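Colleague: The structure's right below; bear with me while I get my questions together.
Just so you know, all these numbers are worked out from the coordinates, no wet-lab data involved. Computed from a predicted model, the values in this text were never measured in an experiment. Cβ atoms come from the backbone with ideal geometry, glycine included; neighbour counts cover every protein chain shown.
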Amino acid sequence: MSAGRSCPLSYRYAPEVFAAAASASTDTLYVVGGLYGNEQALESVLDMFAAEPGRKHLVFNGDFNWFNVAPASFARINERVLAFDALRGNVETELGPLPGGEQAGCGCGYPDWVDDAVVERSNAIIRQLAATAAGFPHWQQRLAALPMWRRIDVGGVAVAVVHGDAESLAGWGFARECLAAPSHAPQVQAWFDRAGVRMFASSHTCLPVLHGTVDGQGRPCLVANNGAAGMPNSAGESCGLLTRIATTRYQGGRSVDSARLEHLFIDTVPIDYDNAAWQAAFLAQWPPASAAHASYWRRIAEGPSG
C-alpha cells in the first residue's frame, strides 16, 4: 500500500449494510464532519444544536480530530464529541493499531489529483497526532470501537451517514469532483439501489456539495457533503459547515445551500466560530514550517482557493 493513497480492506463495507434497522429515528439531524480539532467550531455546533426544538439527533461523522495535537486539546475534543453519536473517520482509525498491523499513513485515500507533497504532509500530521493519542489509551480504545457508518431515519426517510462514500471509510465517490463527472452517475445510482436509502450524508473530501440524483426506481435521492465543519469552505469565508436534515425549515439563520427531498428540508448551515481564537490555537500547535501549517494555514486564514 502507498501510505495516504491506498487504504486497507478493513476500511471497506458493502452498500447493503444500510438495509439494517436504523440506529436512531429523529425529526432533525445534524451531521458534522471534518471538525479537525477546532474547539471553537465545536462550541458553536453545540450551541446551535441546543437551540433546535423538538426531537433531534447530532452525529459527528468522523475526522473530529486532526489539528488538536496538544494533549489538553486532544482530551477536550474527544470528551465532548464522544458524549454524542459519532463515527470514526480515517483520522480516528489511524490513531491506534490497525488489524493485522496494517498501515495506511493518514488513511485519506487521496486520489491522483492531490499532490504528493500534500500526501506526505498529511502522513506527518497523523504521526504527530498519533503520538499525542498514545498518551490517552482510553480514548484510543473508544475511537477504535466507533462504527464506520450509521443508518438514521429522519421523518421516516432513510439516511445513510458515512465518512467517505457508500463503500469505503476513505472513499472519494462523494467528492464534488467525482459527482460532477457524468461517467460517475451510474455508480452513484447503483449505490442508492444497493443501499436502499434516499440520502447519503458524507464529508471526508473537504469541499461541500449537494447533489441530486435518482435511484433505479426513479425516486429522487440526494448526496450531502458538508465539506468541513472546522475550516472555511469558500474563499473569503471564516466559517465551517454542517448538514442539517429535518422535517422543518431551518430557523437559525442563513444556509449556504439547500434542497428538498420528499418532505425533508436539507440545508448546508454555516458554523460561525471565534476565528481569531481558532487561528491562535492552531498556530500554537502548528507554527510556521510545520506540516499542518504548510498544508492548511492559507485555507484557515483565507478559505480554499478552488
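Colleague: Using Cα atoms only, what is the angle between the long axis of helix 71-81 and the major principal axis of the chain, expressed in degrees (0 to 90) to the nearest 10?
Modeller: 10 degrees
Colleague: Here's something else I'd like to know. Find the centroid of the Cα atoms in segment 106-142 and in segment 164-216, then give the distance between the two in whole Å.
Modeller: 24 Å
Colleague: With the chain treated as a Gaussian network of Cα nodes joined by springs under 10 Å, which of Leu146, Leu241, Leu42 yields the largest mean-square fluctuation?
Modeller: Largest GNM mean-square fluctuation: Leu146.
Colleague: Under the classification rounded if a/c is under 1.5, otherwise prolate if a/b is larger than b/c and oblate if not, where does segment 1-44 fall, given a ≥ b ≥ c as square roots of the Cα gyration tensor eigenvalues?
Modeller: On the way: a/c = 4.64, a/b = 1.12, b/c = 4.15.
Since a/c reaches 1.5 but b/c is at least a/b, the shape of segment 1-44 is classed as oblate.
Colleague: Evaluate the Kirkwood expression for the hydrodynamic radius of the chain, namely the inverse of the mean inverse distance over all pairs of different C-alpha atoms, and round to one decimal in Å. Could you put the intermediate results ahead of the total?
Modeller: Values: mean 1/r = 0.0523 Å⁻¹.
Here the Kirkwood hydrodynamic radius works out to 19.1 Å.
Colleague: Please state the shape class of segment 190-243: rounded when a/c is under 1.5, otherwise prolate if a/b exceeds b/c and oblate if not, all from the C-alpha gyration tensor. Numbers along the way, then the final one.
Modeller: Details: a/c = 3.86, a/b = 2.85, b/c = 1.36.
Prolate, because a/c is 1.5 or more and a/b exceeds b/c.
Colleague: Moving on. Rank Gln251, Gln279, Gln189 by mean-square fluctuation in a GNM of the chain with C-alpha springs under 10 angstrom and give only the top-ranked residue.
Modeller: Among Gln251, Gln279, Gln189, the largest mean-square fluctuation in the Gaussian network model of the chain belongs to Gln251.
Colleague: Say we join alpha carbon atoms closer than 10 Å with springs in a Gaussian network model of the chain; which of Ala280, Ala86, Ala246 then has the biggest fluctuation?
Modeller: Ala280
Colleague: Counting Lys +1, Arg +1, Asp -1, Glu -1, what net charge surrounds Ala294 among other residues with beta carbon under 11 Å of its beta carbon? If you can, show how the numbers build up before the last one.
Modeller: Values: positive: Arg121, Arg298; negative: Glu120.
So the environment of Ala294 carries a net charge of +1.
Colleague: Assuming a ≥ b ≥ c are the square roots of the Cα gyration tensor eigenvalues, decide whether segment 1-126 counts as rounded (a/c under 1.5), prolate (otherwise, with a/b larger than b/c) or oblate. Intermediate values should be presented prior to the final figure.
Modeller: Values: a/c = 2.17, a/b = 1.40, b/c = 1.55.
Oblate shape, in that a/c is at least 1.5 and b/c is the bigger or equal ratio.
Colleague: In percent, how large is the relative contact order of the chain, given Cα pairs closer than 8 Å and 6 or more residues apart? It would help to have the intermediate numbers written out before the result.
Modeller: Details: 684 pairs, mean separation 67.3, N = 306.
It comes to 22 percent, rounded to a whole number.
Colleague: If you look at just the Cα atoms of segment 152-263, how large are its Rg and its Dmax in Å?
Modeller: Radius of gyration, then largest Cα-Cα span, for segment 152-263: 13.8, 41 Å.
Colleague: Ranking Glu92, Glu52 by Cβ neighbours within 10 Å, fewest first, what do you get? All intermediate terms of the calculation are to be shown ahead of the outcome.
Modeller: Numbers: Glu92 28, Glu52 19.
Least to most surrounded, the residues fall as Glu52, Glu92.
Colleague: Considering Cα pairs under 8 angstrom that are at least six residues apart, work out the relative contact order of segment 191-298 and quote it in whole percent.
Modeller: Numbers: 175 pairs, mean separation 18.8, N = 108.
Result for segment 191-298 is 17 percent.
Colleague: Okay, moving on. Relative contact order (percent) for segment 1-148, with alpha-carbon contacts under 8 angstrom and 6 or more residues of separation? Numbers along the way, then the final one.
Modeller: Numbers: 209 pairs, mean separation 44.9, N = 148.
Across segment 1-148, relative contact order equals 30 percent.
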